[in-house]
Amino acid sequence: MQQEELAHLLDDLLLGEVRFFCELPSTNTSALEWLSKKPMEYSLLVAEQQTAGHGRLQRSWHAAAGASLSFSLIVYPTPIEQAVLPLFSALAALAVAQALDSFQPTKAVQIKWPNDVLLDGRKCSGILCEAAWQADRLAGLVVGIGVNIGKHSLPPASDLLFPATCLQDMLDPPPERWEVLHHILRNFIGLREIFPTPLFLSQWQARLAFLHQAVTISNGDQKTEGIFSGTAPNGDLLLQQKSGRQLAFPLGDVSLRPLDSD
Ligand code: BT5
């Protein structure tokens, strides 16, 4: 894949600048640096291979050349969107979920709050949105997305906090990675038109895994159990405890697990 070829494939989406690299430590890290040059909205950075891809809390994200889709999209949130900035993870997750649906309609595609996309109950994609600030002004947002396409995209099981899968597990041969990228970007741009309205939130909620089920929410060493009863308009997870108390967890560095998996 060449940069011009990729830009041509994505031509109809009216993106900003498209940059393609054979190898980068992390597309998010490079996109955050790029933000200081104020690239156009929807400028895109794609890497064939990431050597230091990361998730939340500096956890590592495994990607392999030829098998993984790794990219970061530059977004300039409007003032209304800035009020719900963490919900961009939800927007990205829904865009990925809809894309996975269109490539393999047989297995369920769900979103594991806050930032994972599950295919048939296993993690197929991870999302990391990182904001850049200048004093208290938002300079821009980097929406980083990794999708497991081919079998080599999967990390060793010992590195996993949650079971993983790839599109090739459902569909052999897997779809062309750049076609998946096109679908995700098209969905993201389309969904942004209804972001963050109640219509958007209802589409997101309808995809949430483990809703109305017993779950554990982990925040560092602190674990809280309860029923995942829903989400608030800002994306907070609502957890109903046995005592009747309802707790709200903000979208961010917390993790959700079904209770019986602990
Ligand atoms: C994420 O973090 O899932 C967000 C991953 C975002 C990756 C993209 S790729 C493009 C852009 N550039 C970057 O550097 N990052 C973004 P988190 O929820 O913290 O989950 C991380 C955990 O997922 C790890 O600790 C592993 O257990 C697991 N994991 C790592 N690689 C995986 C993979 N390929 N498939 C499934 N699970 C994986």
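Mind telling me which of the residues Ala31, Ala7, Ala47 ends up being surrounded by 13 or more Cβ atoms within 10 Å (Cβ to Cβ) and either within 19 Å of Asp116 (Cβ to Cβ) or touching a helix residue (DSSP H, G or I) at 6+ places or on another chain (Cβ under 9 Å) (or both)? Working first, answer last.
Working: Ala31 fails: either within 19 Å of Asp116 (Cβ to Cβ) or touching a helix residue (DSSP H, G or I) at 6+ places or on another chain (Cβ under 9 Å) (or both); Ala7 fails: either within 19 Å of Asp116 (Cβ to Cβ) or touching a helix residue (DSSP H, G or I) at 6+ places or on another chain (Cβ under 9 Å) (or both).
Step by step, each of Ala31, Ala7, Ala47 is checked, and only Ala47 is surrounded by 13 or more Cβ atoms within 10 Å (Cβ to Cβ) and either within 19 Å of Asp116 (Cβ to Cβ) or touching a helix residue (DSSP H, G or I) at 6+ places or on another chain (Cβ under 9 Å) (or both).
Need pairs with beta-carbon distance below 6 Å; first residue over 14 Å from Leu24 (Cα atoms) and within region 52-63, second within 6 Å of the ligand (Cβ to nearest atom) and part of a loop (DSSP other than H, G, I, E, B); sequence gap 6+ or separate chains.
Gly55/Trp61
How many of the residues making up region 130-143 are open to solvent by 10 Å² or more (accessible area, probe 1.4 Å) and near the ligand (Cβ under 9 Å from one of its atoms)? Write out each step before concluding.
At the first step, the residues of region 130-143 found to be open to solvent by 10 Å² or more (accessible area, probe 1.4 Å) are 130-139.
Checking the rest, the ones that are also near the ligand (Cβ under 9 Å from one of its atoms) come to 130.
Within region 130-143, residues that are open to solvent by 10 Å² or more (accessible area, probe 1.4 Å) and near the ligand (Cβ under 9 Å from one of its atoms) number 1.
Hey, among the residues in region 157-178 that are more than 16 Å from the ligand (Cβ to nearest atom) and without any contact (Cβ under 8 Å) to a residue 12 or more places away in the chain, which one's nearest to the chain's Cα centre (by Cα)?
First pass over region 157-178, keeping only residues more than 16 Å from the ligand (Cβ to nearest atom): 171-173, 175-176.
If we keep only those that are without any contact (Cβ under 8 Å) to a residue 12 or more places away in the chain as well, we get 172-173, 176.
On the way: Asp172: 24, Pro173: 24, Glu176: 19 Å.
So the residue we want is Glu176.
Here are some conditions: (1) touching a residue at least 40 places away in the same chain (Cβ under 8 Å); (2) within 17 Å of Gly53 (Cα to Cα). Ile127 meets all but one. Which one does it not meet?
(1)
Mind checking which residues of region 95-111 are surrounded by fewer than 22 Cβ atoms within 10 Å (Cβ to Cβ) and touching a residue at least 12 places away in the same chain (Cβ under 8 Å)? Show your work before the answer.
Going residue by residue through region 95-111, those that are surrounded by fewer than 22 Cβ atoms within 10 Å (Cβ to Cβ) are 98, 101-108, 110.
Once the filter is applied, which keeps residues that are surrounded by fewer than 22 Cβ atoms within 10 Å (Cβ to Cβ) and touching a residue at least 12 places away in the same chain (Cβ under 8 Å), region 95-111 yields Gln98, Ser102, Phe103, Gln104, Thr106, Lys107, Ala108, Gln110.
The values are calculated or read from the model by the stated rules, or taken from the named source; none is laboratory data. The structure presented is a predicted model; accordingly, all values stated were derived computationally and were not measured. Ideal geometry is used to build each Cβ from the backbone, glycine not excepted, and the neighbour counts take in all protein chains shown. Note: areas computed on protein heavy atoms with side chains; ligands, DNA, RNA excluded. Shrake-Rupley method; radii C 1.70, N 1.55, O 1.52, S 1.80 Å.
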